[in-house]
């Protein structure tokens, strides 16, 4: 995907300013360019919001008729999907409550309307629940009694995934793609929302979030979700961990930007949120990193009560990574390069741990996932499942090999940039130290 074009599309979804000039540029795209553009919108999680923005501005004619027809069909299909998901979601909640399981919904329907005005405007693929460790066995039995199947894990994980009863062993391409009502939804049970062991980054996350859960009503459904401060913090951590894993949808960052803009004047909330971070520098820096990316991409400002503390928590090298790699990589959903390793290195203090992380991320040795069962080109869809999986494995090997080579080449440049950027800082520190010594004398 051309990054200039991706930037124009993101600008159309900015939360402040006027998108008319960017919309005018889109009219010049060829039919072939729109084919790749629509695929990029799907992968970024922005397709539904983009079509809603066009129709709300009366600017549906800014894109070719064929592209508009597909986007309109995506939204129509997704409305059917959300209606089916609401019934399924409500059934799951009632089953947990009848079993006496304390839960808090994370993401999904719990984000409406604080992070998104309408559930039909955000892509949804599963249900996430936070439960206590003590309730894990009972919750798993509830899901198994309802016909859900536990997905085998590759090792110790901080969540357990359950596949729905109708989940095929080898998913085939669906005619409705990512928005089809028939696309099966998974259920994930989480016992913690930050896994220090998995990421090797210690963060002092506030404990016992279930003690602060709230009973919400959304779309006519009543359910328990995380408290407001916990929800925002864990939305930021969710985006952060996906950035580290080289796959973070732009749509997730837009939802955070929407919350920042919507709640910008609520001084009381931001005072509580800042206190919730408990002065933990690594945690505050991670939140600041995600907020900075979201606000700069979608043109919103950080709320004044936390702007100073958050920006002050960003070390110069982390801010530099945002400018040099973060914003550009976001247009590729952080998936087309391995430059997030530069950020990862700044957050891992132990050299031996870092060497292990880098080795595993440059060329993952675990068995690859099956090729996604979504809409695909006809020639690809017609291939036998084993061939499709084989081609997928080859593509991933090429991706990691090329990405690793580009990372090695770029590493020298990143070190030079950091060195040049650090000189003024060191000079300022030296001047300040000399000034203090003169005052003492």
Contour minus Cα-Cα span, residue 99 to residue 182, at 0.36 nm per residue, comes to 27.1 nm
Long-range alpha-carbon pairs in segment 17-111, meaning those over 23 Å apart, account in percent for 41
Distance in nm between residue 60 and residue 412 label points, each 7 Å along Cα→Cβ, equals 5.5
In whole Å, largest first, the alpha carbons of the chain cover along the principal axes 78, 56, 46
In a Gaussian network model of the chain with springs linking alpha carbons closer than 10 Å, the residue among 229, 133, 196 that fluctuates most is 133
Taking a ≥ b ≥ c as the square roots of the Cα gyration tensor eigenvalues, with a/c under 1.5 meaning rounded and otherwise prolate when a/b beats b/c or oblate if not, segment 81-226 comes out rounded
The alpha-carbon pair-distance distribution computed for segment 223-294, with 10 angstrom bins and whole-percent values, is 18, 55, 26, 1
Under a Gaussian network model of the chain whose springs join Cα atoms within less than 10 Å, the largest fluctuation of 59, 236, 181 belongs to 59
Descending packing, highest mean Cβ count within 10 Å first, for 124-132, 334-342, 75-83, 31-39 is 334-342, 124-132, 75-83, 31-39
Per its Cα gyration tensor (rounded if a/c is under 1.5, else prolate when a/b beats b/c, else oblate), segment 1-63 is best filed as rounded
Expected sort for 182-188, 102-108, 261-267 on mean C-beta neighbours within 10 Å, highest first, is 102-108, 182-188, 261-267
Summing -39500 (n - 2.57) over every DSSP H run of at least 4 residues in the chain and dividing by its residue count gives a helix-only mean residue ellipticity at 222 nm, to the nearest 500 deg cm²/dmol, of -18000 deg cm²/dmol
Contour minus Cα-Cα span, residue 16 to residue 91, at 0.36 nm per residue, comes to 23.2 nm
At the level of C-alpha centres, the distance separating segment 19-39 and segment 317-364, in angstrom, is 31
Residue span residue 159 to residue 35: 0.36 nm per residue of separation minus Cα-Cα distance leaves a gain in nm of 41.0 nm
Averaging 1/r across every pair of distinct alpha carbons in segment 267-342 and inverting yields a Kirkwood hydrodynamic radius, in angstrom, of 13.2
Of 268, 218, 319, the most mobile residue in a GNM of the chain (C-alpha springs, cutoff 10 Å) is 268
Of all DSSP beta bridges with both partners in the chain, the antiparallel percent, nearest 5, is 70
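Every number in this text was worked out from the coordinates using simple rules, so none of it is lab data. These figures come from a predicted structure and were not determined experimentally. Positions of Cβ are generated from backbone atoms using ideal geometry, with glycine treated the same way; all protein chains shown enter the neighbour counts.
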